[in-house]
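Read the structure below first, then the notes.
The values are calculated or read from the model by the stated rules, or taken from the named source; none is laboratory data. Not measured: the values here are computed from a predicted model. FYI the Cβ positions are ideal-geometry reconstructions off the backbone, even for glycines, and counts take in every protein chain you see.
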Amino acid sequence: MKFSDLGPDEKNWIDSYLDGTIDAKDFESLQNRMAESSELRAVMRRCLSVDSGLASECGANGEEADAWLSLENPTVPEVESQSKILSFPRLAPIAAAAALAFFLGLGLMSWQSGSDWIPREESASAQGFAVIGNLFDPTWKDPKAGKREGDLLGAEVFHLASGTAEIQFFSGAVMTVEGPAEISVKSAWEATCREGAVRMKVPPAARGFKLHAPSSEIIDLGTEFGLRVRDGVGHVEVFDGEIAVRHNEEEEQLMKKGASFSLDPDGPPVATTSGQLTFPDVKKFGSRVFDEVRSDFDRWKDHRDSLAKDERLIAYYSFDREQNQGLIPNLTVPRNPEFDGAVVLAEPVDGRWPGMKSALEFRRPGSRVRVNIPGEFSAFTFSAWVRIDSLDRVYNALFMGDGYETGEPHWQIREDGALMLSVMVDDSKPNPGAPNDAGLHRVYFSPPVWEMAMAGKWIHLASVFDPEARVVSHYVNGKQVSTQEIIDKFLVKTLRIGNGEIGNWGQPFREDPWFAIRHLNGRMDEFAIFQAALGEAEIAAIFEGSRAGR
């Protein structure tokens with residue numbers, strides 16, 4: 001959406017906001033509209049970016065910029081240049097307090113990740129056109145370029161030396177590939193089989209998907225067909241429905257169910273007898289897949305039982321529960337039922353092993369798991385397997401201490417996909433830039449680690465708060481993505497949890513919808529808190545031991 005596409009009220013609100021003349025009533029209307037519309041937030045981000053550039057050209061100073069820091073953001077580190085922080089028009093105090101709603105979505109604190117921030121709408125919204133589904137005994141032409149189940153495929157060549165792979169295109173078409181094969185992915189609607197055997201299943205929603213062979217173009221009209229290419233010669237068979245084939249730039253020919261043709265680059269299509277060649281079919285692997293999944297699930301259960309004995313664990317939940325039971329058991333050994341979680345509105349759904357393991361879905365605003373974890377701790381490591389459907393709020397909760405009092409943590413994902421970890425330093429001291437809202441604290445951000453192309457894909461997230469080493473680190477799928485220093489001003493050594501929530505925040509201290517509503521729009525099927533700062537090798541081992549499809 002562009003600024004010109006907005007309604008008259010929205011345009012006037014933004015104009016008056018930027019020139020500093022907006023009144024409290026109009027600002028409240030704009031804030032409420034932005035809470036409802038991600039498109040309006042995107043337009044506002046671009047307007048603020050342009051405005052900030054103009055302001056910087058006019059010599060905005062650092063003190064003005066500091067006034068716009070979110071209560072969820074730290075004070076600007078002394079080592080960073082103030083020129084990286086946006087400067088905004090001076091507004092009335094009421095607008096200054098509420099204007100954080102706009103700024104929160106920007107992620108413009110580039111100093112947090114050590115690199116310049118790029119607006120999410122201006123960067124690639126997806127890194128691929130398809131995703132790897134099932135793999136069966138794959139070997140790769142280049143082992144270093146091997147794929148895993150769940151990996152994205154962009155505009156690239158997929159080389160499979162042997163075995164079978166299932167490629168699920170975002171258009172809805174599904175390709176089963178048998179090696180040796182070389183598949184060039186061009187888009188969600190187009191690919192080329194340079195070598196190998198494939199079976200295409202194209203539902204009505206993906207009708208029009210194009211599959212190329214040497215000197216040929218096959219347009220699927222909503223059907224199932226097979227294509228085999230060897231030494232530059234193609235062979236196509238239609239199993240159901242019909243396809244349109246254009247060979248050697250001649251007119252299209254319709255081929256219906258039962259048709260079989262040889263596609264030689266040196267001549268016209270030649271009809272052949274169907275059934276002479278075999279094509280990959282994922283159905284044949286059904287029982288084998290089940291056995292492999294069951295074995296993989298049993299491996300995870302061994303890992304779970306071993307991890308539960310780790311003396312550094314505070315609490316550990318796998319989200320499996322008996323039918324209609326309202327509690328999620330804490331699995332730590334020795335077991336402490338006082339740390340069991342109470343499920344509120346979160347719904348049981350399939351986890352990483354469908355039909356074998358459960359997860360919880362937090363799609364409703366009231367969805368959460370309530371916990372009470374007393375005690376004092378010297379460090380935190382948070383670990384979770386999540387499947388995010390969207391980040392349609394400014395903040396999206398993973399684990400939140402209720403009152404956000406001294407020593408209590410907040411672990412979240414921001415709308416731009418950045419991980420956030422903060423611990424309240426001193427709830428009796430004012431927070432710079434927002435003295436009436438929160439105590440002294442700092443939020444430690446990762447670079448954006450999630451985007452819409454990852455929707456529905458299970459990922460492992462971990463974050464570490466280490467007061468002794470004075471660092472905060474974030475991890476995705478076992479790999480460190482960022483680390484930041486805890487400076488003296490924000491050092492807190494005695495950590496607590498008390499009452500808290502998984503997947504939501506129980507006691508937000510502001511009622512604004514954009515601020516208070518934080519339920520995770522997605523699923524979680526494993527969550528652990530350690531009272532220790534785990535290292536990179538340990539977090540990688542947890543990821544490897546607990547991931548599905550190893």
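The residue that is surrounded by the most Cβ atoms within 10 Å (Cβ to Cβ), counting only those in the stretch 206-226 that are free of Cβ contacts under 8 Å to residues at least 40 places away in the same chain and in a strand (DSSP E or B), is 225. Taking the stretch 197-213 as the range and being in contact with a strand residue (DSSP E or B) (Cβ under 6 Å, 6 or more places away or on another chain) and closer than 23 Å to residue 248 by Cα as the test, the residues that pass are 197, 198, 199, 200, 209, 210, 211, 212, 213.
From the list 462, 438, 469, the one residue that fits, being more than 17 Å from the chain's Cα centre (by Cα), at pLDDT 95 or above and aliphatic (A, V, I, L, M), is 469.
Counting residues in the stretch 479-499 that are within 20 Å of residue 346 (Cβ to Cβ), out of contact with any Asp or Glu (no Cβ under 6 Å at 6 or more places or on another chain) and crowded, with 18+ Cβ neighbours inside 10 Å gives one or more. Does any residue of the stretch 350-358 turn out to be touching a Lys or Arg at 6+ places or on another chain (Cβ under 8 Å), at pLDDT 90 or above and more than 18 Å from residue 317 (Cα to Cα)? No.
It is to be established whether one or more residues within the stretch 409-416 are within 25 Å of residue 530 (Cβ to Cβ) and of a type in the set (D, E, K, R). Within the stretch 409-416, one or more residues are within 25 Å of residue 530 (Cβ to Cβ) and of a type in the set (D, E, K, R). Here residue 531 passes the criteria (1) modelled with pLDDT of 95 or more; (2) surrounded by 24 or more Cβ atoms within 10 Å (Cβ to Cβ) except the one numbered (2).
Among the residues of the stretch 154-189, those that are over 17 Å from residue 228 (Cα atoms), assigned to a strand (DSSP E or B) and not hydrophobic (A, V, I, L, M, F, W, C) comprise 156, 168, 186, 187. Is the stretch 365-386 home to any residue that is buried (at least 18 other Cβ atoms within 10 Å of the Cβ) and of a type in the set (Asp, Glu)? So far as the stretch 365-386 goes, no, none of its residues is buried (at least 18 other Cβ atoms within 10 Å of the Cβ) and of a type in the set (Asp, Glu). Between 238, 245, 233, 177, the distinction of being of a type in the set (Val, Ile, Thr), farther than 21 Å from residue 453 by Cα and in contact (Cβ under 8 Å) with a residue 60 or more places away in the chain belongs to 177 only. In this structure, residue 289 qualifies as under 31 Å from the mean Cα position of the chain (by Cα) and either assigned by TED's automatic domain parsing to the domain that holds residue 213 or of a type outside the set (D, E, K, R) (or both).
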